[in-house]
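Shown next, in structure tokens, is the structure this report addresses.
The values are calculated or read from the model by the stated rules, or taken from the named source; none is laboratory data. Because the structure is a prediction, the values reported are computed rather than measured. Using ideal geometry, Cβ is built from the backbone for each residue, glycine included, and neighbour counts are taken over all protein chains shown. Just the protein is used for accessible areas: all its heavy atoms, side chains included, with ligands, DNA and RNA removed. Shrake-Rupley method; radii C 1.70, N 1.55, O 1.52, S 1.80 Å.
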Amino acid sequence: MTDRISFHDFSGAASIPAELLRRTESDLTPYLERVAPIIERVRQEGDDALRHFARQFDKVTQPDLALKVTEAEIDAAIEAMDPEILDSMRYAIGNIRRFHEAQKPEESWMIEVRPGVWAGDRTIPIESVACYVPRGKGCFPSVVAMTAIPGMVAGVPRLVIITPPAPDGSVDIGTLAAARLIGVTDIYKSGGAQAVAAVAYGTQTIPACDKIVGPGSPYVVAAKRLLSDRLDPGVPAGPSESIILTDDSVDPVLAALDLIIESEHGPDSSAWLVTSSRRVAEGVMEALPVHWAAMDPGRAAFSRAVLCGAHGGVLLTDTMEAAIAFTNAYAPEHLEILTADPMADLGRIRHAGEVLLGTSTPVTLGNYVLGPNAVLPTNRAARTHSPLSVHDFTKRMSFARVAQNAYPEAARHAERLAQYEQFPGHARAVSAARPQPTPGSDYLPPPAANMPTS
């Protein structure tokens, strides 16, 4: 069965083809065309459009689907949950909350850039953020935790969850339980491009939001792109992707296990083993069918589709330098480093959403319980974007104040620069034409006393 797994032997090649960097979302053109009419219908018809698309895409059988989750539904979800699962949720939520609390920036700071010239920043929560929690290929209370907790820590006044309904109109009980444990009460039944449109425009039930965060299908990614003039699309998080980077030191059976993790999300995922060891490459290809045979057939089929397709498999290089070069070019969402000295190799990685170090740190732990956020940039966006964080739920406002005795020097330089750039209004505002303030009218307290408060 090893011949079914995509194997790319570049051990004697000068370079690796650029097409191997492509993901399923690399070309969104067909998705953009499909979601445009969905967005327009939601804009015009609001709740009626959401119910229509719930019937069409989610196979909901209720003609009058109640789009907002009730407290009774959340209570019932908590009652239905296995207590051990709730215990594990609390463990994960505690770790994630502690990590993000440590990440929270100070509310305000100020420095004296010149004598009498003070400037600073103030951090303010974004007014309203929607957390998108997918459901199409599974249920994801972990996404609730990763999206909602940093928003709660940041102090977002209106934090909502949008998630697709099941055919019977219900919401995954794990999603509802996680929301209750975290403290989010506004949860709405809508998914896909129509959900993105709902929080962009607002409907009769779902409030318009300033931003949306969370991973989704190419349809969700396409809708975020089309609506980016109305809604901050947040971290570009599309279908799952990973690289398992190894030298000759790792057990191939273990590397194969970790290669499967992200590949089982769905056939639109991407997953690569990148190694300089032929022994490891061949061993992983032998181990994969054994692992698949022990899995749920549906998830095994997803993994097989990825690892036997164009967006995943095993890639062999001559050297670790070449393997690391490909990894940096790929800029994966998840990166595991399974080498003899993963900490040393971490310093050679420039582009990855997250890096998990060593054989005791599989992607599974990062996805659920370690604390750092698992909503990560995909499709090479890790070259310029960071993991979802408290910072994504806040914005900065700069402020400044100039004392009277510092004004003349600052004005003289500003006037020169304004004249050079040919803005006479700018220049005149700081010229001799400006009326002089009453002496002593702008007492400037020391910065500690002058800090703004919320």
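Scanning the range 317-357 for residues that are within 24 Å of the chain's Cα centre (by Cα), among the hydrophobic types (A, V, I, L, M, F, W, C) and assigned to a loop (DSSP other than H, G, I, E, B) gives 331, 349, 352.
So, in the range 374-388, of the ones that are open to solvent by 80 Å² or more (accessible area, probe 1.4 Å), in contact (Cβ under 8 Å) with a residue 24 or more places away in the chain and in a loop (DSSP other than H, G, I, E, B), which residue ends up nearest to residue 243 (Cα to Cα)?
380
Among the residues of the range 148-162, those that are more than 19 Å from residue 86 (Cβ to Cβ) and of a type in the set (Val, Ile, Thr) comprise 153, 156, 160, 162. Do we find that residue 147 is farther than 21 Å from residue 299 by Cβ, out of contact with any Pro (no Cβ under 8 Å at 6 or more places or on another chain), at pLDDT 95 or above and open to solvent by 10 Å² or more (accessible area, probe 1.4 Å) in this structure? When the stated conditions are applied, residue 147 does not pass them. Exactly one residue among 195, 294 is among the small types (Gly, Ala, Ser) and either more than 20 Å from residue 38 (Cα to Cα) or more than 21 Å from the chain's Cα centre (by Cα) (or both), and that residue is 294. If the condition is being closer than 30 Å to residue 231 by Cβ and in contact with a Pro (Cβ under 9 Å, 6 or more places away or on another chain), then the range 1-34 contributes 23, 24, 25, 28, 30, 31. Among the residues of the range 87-116, those that are in a loop (DSSP other than H, G, I, E, B) and open to solvent by 90 Å² or more (accessible area, probe 1.4 Å) comprise 104, 106, 115. When each of 84, 79, 19, 45 is tested for being more than 30 Å from residue 273 (Cβ to Cβ), open to solvent by 70 Å² or more (accessible area, probe 1.4 Å) and either in contact (Cβ under 8 Å) with a residue 60 or more places away in the chain or within 29 Å of the chain's Cα centre (by Cα) (or both), the lone residue that passes is 84.
Being buried (at least 19 other Cβ atoms within 10 Å of the Cβ) and over 27 Å from residue 216 (Cβ atoms) is true for just one of 345, 341, 318. Which residue is that? Answer to the check: 345. If only residues of the range 236-259 that are aliphatic (A, V, I, L, M) and open to solvent by less than 10 Å² (accessible area, probe 1.4 Å) are counted, the one that is farthest from residue 288 (Cα to Cα) is 237.
Looking only at residues in the range 209-222 that are open to solvent by less than 10 Å² (accessible area, probe 1.4 Å) and out of contact with any strand residue (DSSP E or B) (no Cβ under 9 Å at 6 or more places or on another chain), the one that is farthest from residue 379 (Cα to Cα) is 222. Of all residues in the range 117-151, those satisfying the criterion of being farther than 17 Å from residue 181 by Cα and out of contact with any strand residue (DSSP E or B) (no Cβ under 9 Å at 6 or more places or on another chain) are 136, 137, 138.
Restricted to the range 187-208, and to residues there that are open to solvent by 10 Å² or more (accessible area, probe 1.4 Å) and assigned to a loop (DSSP other than H, G, I, E, B), the residue that is farthest from residue 151 (Cα to Cα) is 204.
Scan the range 288-304 and give yes if some residue there is among the β-branched types (Val, Ile, Thr) and open to solvent by less than 50 Å² (accessible area, probe 1.4 Å), otherwise no. The answer is no, given that none of the residues of the range 288-304 is among the β-branched types (Val, Ile, Thr) and open to solvent by less than 50 Å² (accessible area, probe 1.4 Å). Reported count of residues in the range 152-175, each being part of a helix (DSSP H, G or I) and within 21 Å of the chain's Cα centre (by Cα), is 5.
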